[in-house]
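Down below is the structure, laid out as structure tokens.
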Amino acid sequence: LNVENLRRAYAETICATAGSTSASLIDAFARVPREHFLDPGPWRIAQPFDQKEPYRETPDVRLEHLYQDAAVGIDTTRQINNGQPSAHARWIDAAAPKPGEAVLHIGCGHGYYTAILAEMVGPTGRVEAHEIDPVLAARARTCLSDWPQASVKLPLSRGSDAAADPHSALKGPFDVIYVNAGATHARRDWISSLAPGGRMLLPLTVHVPMFPHGVGFVLCIRRQVGRWPARLISPVGIFDCVGARDAEAEVQLRRLLAPGESNRIHAVTVEPHDRGDDCLVHAEGFCLQA
Ligand SMILES: [Zn+2]
């Protein structure tokens, strides 16, 4: 087995699945060893559509099991996974990080996708990864030692507003803010640290019965003068983003989960304004608009 060929074939397949033709994205997936970010095998492959058996264990430790388009368990008792590669490929393609850019990665887990982002911005760029779980954050720090352009931070004030915590003040501006946890809105500190022309990849979720996590959709929002264009990228099921959830915003967001409703979203406004006909989710400092 030639592992470089295996990774290259995987990279091409998952980027094709994601509808991406980005050579730099394919190269990034071809270069980063996924096994480096996981415990030694056998591995537990996620089966998201099987309520009774959410994971199946691989029969052996061949690397082929990791180079397929499936989430792999990191902490299976909490159902924390290394996410599905084609989903991340689609999201990273939308956010389009470029060489030399600065990226903020919220909810980095063990850091596999942080490494993909680090490959895309290259040695002249930087990726600041945040992980609120101290065990995951420590592991990410170790796993990312081969990517000096990536750093891992542990937000200190679990469950509270990390923006009020001077130790976690963001060192922006960031060209890309890549959020890997379910929010109801973009936090004020994310909005203020997004560079002009910057892109924010934002999963917006609500809670529904029978799911251990939130469900909703992912938007890609671009900062520009006036209204910020927002593009619907994919549906999503993902864990909550601690510190980026608001009960009233969730009530409004729930209406957008009816079939076809999320297609009405075209922009985000962060300027203060009165609620109008175009406001789909009208929260303070963050309004999803038709
Ligand atoms: Zn509004």
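Residue-level analysis places residue 231 among those that are farther than 30 Å from residue 74 by Cα, more than 16 Å from the ligand (Cβ to nearest atom) and modelled with pLDDT of 95 or more. Does residue 251 satisfy the condition of being hydrophobic (A, V, I, L, M, F, W, C), more than 27 Å from residue 86 (Cα to Cα) and open to solvent by 20 Å² or more (accessible area, probe 1.4 Å)? So residue 251 fits the description; yes. With respect to (1) away from the ligand (no atom under 13 Å from the Cβ); (2) farther than 24 Å from residue 118 by Cβ; (3) modelled with pLDDT under 95, the lone exception for residue 284 is condition (1). With respect to residue 269, is the statement that it is surrounded by 15 or more Cβ atoms within 10 Å (Cβ to Cβ) and within 16 Å of the ligand (Cβ to nearest atom) true? Criteria met by residue 269. Here residue 247 meets the list (1) closer than 26 Å to residue 175 by Cβ; (2) touching a Ser or Thr at 6+ places or on another chain (Cβ under 9 Å) almost entirely, failing just condition (1). With respect to the conditions (1) modelled with pLDDT of 95 or more; (2) within 13 Å of the ligand (Cβ to nearest atom); (3) farther than 30 Å from residue 81 by Cα, residue 224 lacks only one, and its number is (2).
Criterion first (at pLDDT 70 or above and surrounded by fewer than 18 Cβ atoms within 10 Å (Cβ to Cβ)) does residue 195 satisfy it? Yes; evaluated as a whole, the condition is true for this residue.
In the set 114, 77, only one residue is touching a Cys at 6+ places or on another chain (Cβ under 7 Å) and at negative phi; that residue is 114.
Within the option set 13, 58, being modelled with pLDDT of 95 or more and open to solvent by 40 Å² or more (accessible area, probe 1.4 Å) holds for one residue only, 13. Select from the stretch 64-105 the residues that are part of a helix (DSSP H, G or I) and open to solvent by 40 Å² or more (accessible area, probe 1.4 Å) and list them in ascending order. Listed by number, the residues that qualify are 64, 90, 93.
Residue 116 meets each of the listed conditions (1) under 23 Å from residue 216 (Cα atoms); (2) in a helix (DSSP H, G or I); (3) open to solvent by less than 50 Å² (accessible area, probe 1.4 Å) apart from (1). Does at least one position in the stretch 235-256 carry a residue that is in contact (Cβ under 8 Å) with a residue 60 or more places away in the chain, near the ligand (Cβ under 10 Å from one of its atoms) and either in a strand (DSSP E or B) or among the β-branched types (Val, Ile, Thr) (or both)? No, that holds for no residue.
Based on what the data block shows, is residue 275 open to solvent by less than 80 Å² (accessible area, probe 1.4 Å) and of a type in the set (Lys, Arg)? Considered against the rule, which asks whether it is open to solvent by less than 80 Å² (accessible area, probe 1.4 Å) and of a type in the set (Lys, Arg), residue 275 comes out as no.
The values are calculated or read from the model by the stated rules, or taken from the named source; none is laboratory data. Bear in mind that the values here come from a model prediction, so they are computed numbers and not experimental data. Here the Cβ is made from the backbone with ideal geometry for all residues, glycine too, and neighbour counts use every protein chain on show. In case anyone asks, the SASA skips ligands and DNA or RNA and just uses the protein heavy atoms, side chains included. Shrake-Rupley method; radii C 1.70, N 1.55, O 1.52, S 1.80 Å.
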